[in-house]
Amino acid sequence: MTSLAGLAQIVDEAARTAVAIPQLTDTLPDLTVDDAYAIQALSVARRRARGERRAGFKMGLTSRAKMIQVGVSEVIWGRLTDAMRLIEGGDLHRAAYVHPRVEPEIAYILKKPLEGEVTAAEALSALEAIAPAVEIIDSRYRDFKFALPDVVADNSSSSGFFVGSWSSPSTDVTNLGIVMEVDGRPVQIGSTAAILGNPIRSLVAAARLVAKAGERLEPGDIVLAGGATAAHALVPGMHVKTTFQRLGTVAFNVVA
Ligand code: OOG
Ligand code: MG
């Protein structure tokens, strides 16, 4: 029986070297979601030991479109580090990933801690700012196929994120149109309302779920609310531009 630390090493190495691995549940069908979060924490601790710094958290599977695309219908979360942050307007290096996809999200940054059961009003009053964002997800599992414990252990497919310009925390982002274009052609169209009906609910859920792991959201943490649409596969040569009503755009180029 492989230890949780051994499994953390497997998922961390797969991410570090961009080499796909079989699903953990292929050989460990009884792996629990609690074990998976423990593996995630241990794998992110390995990143921290290599010098990466805490940047916040990402929520996942907070929209129907995302749940349907990956066949898992449970809200999940993962940890972000500074090394995952990419420069808006810059390049994404395809070779650093197994099979990257992009999805439109909302980014929150906090000025106050949030811990455990909080109301939407408390979550809103803890905000420093809100920005348009896109997440780069990259499952380390072959063919981007996984069960719930697999994806949680794999840090919920976290691999990168781009954040656009920060807006006032009072900006109403409950129902804003989103258009994601590749080379000027729309590939995903949606609304921030697809995120749990209102993306602030994702921040409320983050505070609650992270507390179950004995952690809290801290001032300075970025929280990604989860993809509002299905994710789009990335290929070198693509220019990806996502426009969010009221909030602005987030763009990048995919290079080899
Ligand atoms: C799991 C991560 C989901 C989101 O925004 O829904 C996620 C995956 O799709 O690989 O990041
Ligand atoms: Mg996401």
note = Residue-normalised 222 nm signal for the chain, counting each DSSP H run of n ≥ 4 as -39,500 (n - 2.57), nearest 500 deg cm²/dmol, is -7500 deg cm²/dmol
inquiry  = Under the rule a/c < 1.5 gives rounded, and otherwise a/b versus b/c splits prolate from oblate, where does region 132-256 land using the Cα gyration tensor?
reply    = oblate
ask   = For Gly56, which sequence-distant residues (separation of 5 or more, or a different chain) have an amide H within less than 5 Å of its own amide H, given hydrogens modelled in the peptide plane?
value = Leu80, Ile222
request  = Please tell me the relative contact order of the chain in percent, rounded to the nearest whole number, where contacts are Cα pairs under 8 Å and at least six residues apart.
outcome  = 28
request  = Report Rg/Rh for the chain, rounded to two decimals, where Rg is the Cα radius of gyration and Rh the Kirkwood radius.
outcome  = 0.94
ask   = What are the residues whose amide H is under 5 Å from the amide H of Met238, where those residues sit 5 or more places off or on another chain and H is modelled from the backbone?
value = Val254
key: Cα gyration tensor shape of region 44-128, rounded if a/c is under 1.5, else prolate or oblate by comparing a/b with b/c   = oblate
inquiry  = Student exercise: in region 4-255, how many lysine pairs 8 or more apart or on different chains have Cα atoms under 23 Å apart?
reply    = 10
note = Across Ala230, Ala95, Ala126, the residue with the highest GNM fluctuation in the chain (Cα network, 10 Å cutoff) is Ala95
note = Within the set Ile21, Ile106, Ile195, GNM on the chain using Cα springs under 10 Å gives the largest fluctuation to Ile21
ask   = Per residue, how much accessible area does the chain show when a 1.4 Å probe rolls over the protein heavy atoms, in square angstrom?
value = 41
Region 121-165: C-alpha gyration tensor shape, a/c 1.5 cut-off, then a/b vs b/c = oblate
Candidates Arg201, Arg16, Arg50: whichever shows maximal mean-square fluctuation once the chain is modelled as a Gaussian network with Cα springs under 10 Å = Arg50
note = For the chain, the accessible surface attributable to carbon and sulfur atoms (probe 1.4 angstrom, ligands and nucleic acids excluded) amounts in percent to 52
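The values are calculated or read from the model by the stated rules, or taken from the named source; none is laboratory data. These figures come from a predicted structure and were not determined experimentally. Keep in mind that these areas ignore ligands, DNA and RNA; they rest on the heavy atoms of the full protein, side chains included. Shrake-Rupley method; radii C 1.70, N 1.55, O 1.52, S 1.80 Å.
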